[in-house]
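Data block below; observations after.
The values are calculated or read from the model by the stated rules, or taken from the named source; none is laboratory data. Values in this document were obtained by computation on a predicted structure and should not be read as measured data. No Cβ is skipped: glycine too gets one built from the backbone with ideal geometry, and neighbour counts run over all protein chains shown. The accessibility values were calculated without ligands, DNA or RNA, using every heavy atom of the protein model including side chains. Shrake-Rupley method; radii C 1.70, N 1.55, O 1.52, S 1.80 Å.
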Amino acid sequence: MNPADTSDLWWRTAVIYCLDVETFQDSDGDGYGDFAGLARRIDDLDALGVTCIWLMPFQSTPDRDDGYDISDFYSVDPRLGDLGRVAETIRIAQDRGIRVVMDLVVNHTSDRHPWFRAARRSRDSPFRDYYVWRDRPPRKKQKLVFPGEETSVWELDERTGQYFQHSFYRHQPDLNLANPQVRAEIARIVGFWLKLGVDGFRVDAVPFLISGEGTPDAQDPHSFLRELRRFVGRREGSALLLGEVGLAHEQQVEYFGGDATQLDLQFDFVTAETVFLALARRDAEPLARALSARPEVDVRQGWAMFLRNHDELSLALLADEEREEVFEAFAPEEHQRVYGRGIVRRLAPMLGDDPRRLRLAYSLLFSLPGSPMLFYGEEIGMGELDGDIGRGAVRGPMQWDAGRHGGFTTAQRSRLNRPGPVEGYGPEHVNVHDQRRDPESLWSFISTLASRYRSTPEISWGRLRVLDGGDSRVLVHEAASEGSSFIGLHNFSPEPLTVILPDLSDGQSATVLIESRGSAPQGEHSEQRLDGYGFRWLRLSSSAA
Ligand code: BGC
């Protein structure tokens, strides 16, 4: 494909911002964020440089998994608004050039969904085959997603005497994608929301969706993703499928599909996990290794880069000893760890001992080839909630100002049934209002990163290469495209260091795009001095370009 034809591949250069409407901004004082509140905050996101909002699930739900348990795919949780408010919010965002994608959670439904209620009424129900039933659980033990909270992925339905499969919680029965009627239902759901105006979907739990019992086509499980991609393309040519595939890079390649036929973007879990290993070791070597091995994908597809998200920081792809190193460095207390594999903390307190390290991490996020994703509150360095509350710890209300409840709501405290943030991270210390007015704040830094990222298309479009700068503590990476290249330098150690860049060829010049505060003046371009945890972005261009 000619790169000139990439104009509607907007996701390749998107700055993605994930939020939960429920915790973002309450407009009516009932203690729940809502679409009317979000609509009022779109300008804040625009000012930050966000170009795509990812809405976590907002449909009707018994809310036993933060909305990932949907009981009506065509509705809106009445606490958050209604379809009219959703349409209006999408319009307001798009009016500012911001796209809106939403979670597509179709691996399972809530057990309160009318399909499941009907399915469990009798073995002859017309909806029985919407789910996956067995007379007894298969002998082969399946891995648990929530060990400690669940003991099996099969649950006995007493009334009908069969077991149903639930890859996640027992109240989330898996849909049976082998049933063509279920696939047709999914297509209708996707078609409905595209008509309402969304620009695409973050597809939840993709490997579970297409594997296990209830696989769309046992011979060719990926046929469902191809079908979905074709359907979305027919209905809305520029809509995005952003997949959650928490697997190793080599396996992720299968979810892109040859010739751009499946997912458009996938979260880069390997890199996210390895960044933390490198931070823990104060050495870029593991990251350099992971990035060098990252497969190249079709020009129409790419990686969504992230540091933290709404779930635990999963370390499942690291080796056992590596995971221990990260746990020791960043989650010293037992309640900060979950499921034996992850950390339920936000980034700022994790790196809180040194603000330079926090900036290094965000500089990386925006400079590694891909589309950066922020989880709400990261732009101001929000902390996690204080207490042993599992994944909920990172899902506290947004902190807009220093006032009561951080300007999130005017409700009485009793309605906000969660602990406050860890010490030093309350709204009086960390909020949008103050940071937007402070050019030295994290908010201002991240908005600068977003703007540099958007004006440096080489980062997304260029070919990633890890260079040898002569010191493993510094990551030197290049994203090269015709005429100009991007070079990122990131020092993972607290010591000032010098790395050597390959000499520029004749007629090439280097421009500094951004660098850590107080960087020493540079000598020859081939010798790059970096402060402890320092970073620098360079553009190398030939004078003719
Ligand atoms: C989401 C989780 C959710 C699970 C079940 C995921 O992978 O990210 O937050 O609990 O899917 O829907």
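Yes/no per residue for (1) aromatic (Phe, Trp, Tyr); (2) open to solvent by 40 Å² or more (accessible area, probe 1.4 Å); (3) in contact with a Pro (Cβ under 9 Å, 6 or more places away or on another chain):
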site	(1), (2), (3)
Ser444	no, no, no
Ala450	no, no, yes
Pro457	no, yes, no
Gly462	no, no, yes
Leu467	no, no, yes
Asp471	no, no, no
Leu475	no, no, no
Ala479	no, no, yes
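Scanning the range 66-86 for residues that are closer than 13 Å to Asp20 by Cβ and away from the ligand (no atom under 16 Å from the Cβ) gives Arg79, Leu80. In the set Asp135, Asp69, only one residue is buried (at least 20 other Cβ atoms within 10 Å of the Cβ) and not β-branched (Val, Ile, Thr); that residue is Asp69.
Of the residues examined, Leu144 is not one that is assigned to a loop (DSSP other than H, G, I, E, B) and touching a residue at least 40 places away in the same chain (Cβ under 8 Å). Consider the range 92-111 and keep the residues that are away from the ligand (no atom under 16 Å from the Cβ) and not polar (S, T, N, Q). The one that is farthest from Ala14 (Cα to Cα) is Ile92. Every condition in (1) among the hydroxyl-bearing types (Ser, Thr, Tyr); (2) within 16 Å of the ligand (Cβ to nearest atom); (3) under 27 Å from Ser238 (Cα atoms) is met by Thr89 except one, and the failing one is (2).
Gly37 is checked against (1) in contact (Cβ under 8 Å) with a residue 24 or more places away in the chain; (2) more than 16 Å from the ligand (Cβ to nearest atom); (3) crowded, with 22+ Cβ neighbours inside 10 Å and fails just one. What number does that condition carry? Checking Gly37 against (1) in contact (Cβ under 8 Å) with a residue 24 or more places away in the chain; (2) more than 16 Å from the ligand (Cβ to nearest atom); (3) crowded, with 22+ Cβ neighbours inside 10 Å, the one that fails is (1). Count of the range 306-349 residues, restricted to those that are touching a residue at least 60 places away in the same chain (Cβ under 8 Å), of a type in the set (Gly, Ala, Ser) and open to solvent by 20 Å² or more (accessible area, probe 1.4 Å), is 3. Among the conditions (1) open to solvent by less than 20 Å² (accessible area, probe 1.4 Å); (2) within 16 Å of the ligand (Cβ to nearest atom), Asp63 misses just one, which is (1). Restricting attention to the range 361-411, the residues that are within 16 Å of the ligand (Cβ to nearest atom) and among the aromatic types (Phe, Trp, Tyr) add up to 2. Screening Pro332 with (1) under 19 Å from the mean Cα position of the chain (by Cα); (2) part of a loop (DSSP other than H, G, I, E, B); (3) away from the ligand (no atom under 13 Å from the Cβ) gives one miss only, at (1). Please indicate, with yes or no, whether at least one residue in the range 259-273 is away from the ligand (no atom under 16 Å from the Cβ), open to solvent by 30 Å² or more (accessible area, probe 1.4 Å) and of a type in the set (Val, Ile, Thr). The answer is yes; a qualifying residue exists. Annotation: of all residues in the range 141-191 being touching a helix residue (DSSP H, G or I) at 6+ places or on another chain (Cβ under 6 Å) and either open to solvent by 20 Å² or more (accessible area, probe 1.4 Å) or within 14 Å of the ligand (Cβ to nearest atom) (or both), the one that is farthest from Ser314 (Cα to Cα) is Ala187. The set of residues from the range 208-224 being within 16 Å of the ligand (Cβ to nearest atom) and open to solvent by less than 20 Å² (accessible area, probe 1.4 Å) comprises Leu209, Ile210, Gly214. Of all the listed residues (Arg85, Arg91, Arg79), the sole one being surrounded by 16 or more Cβ atoms within 10 Å (Cβ to Cβ) and not in a loop (DSSP other than H, G, I, E, B) is Arg85. None of Gly352, Gly406, Gly424 is open to solvent by 10 Å² or more (accessible area, probe 1.4 Å) and at positive phi except Gly424. The residues of the range 238-258 that are of a type outside the set (Val, Ile, Thr) and open to solvent by 50 Å² or more (accessible area, probe 1.4 Å), listed by number, are Glu250, Gln251, Glu254, Gly258. When Arg289 is tested against (1) surrounded by 18 or more Cβ atoms within 10 Å (Cβ to Cβ); (2) away from the ligand (no atom under 16 Å from the Cβ); (3) in a helix (DSSP H, G or I), only condition (1) is not met.
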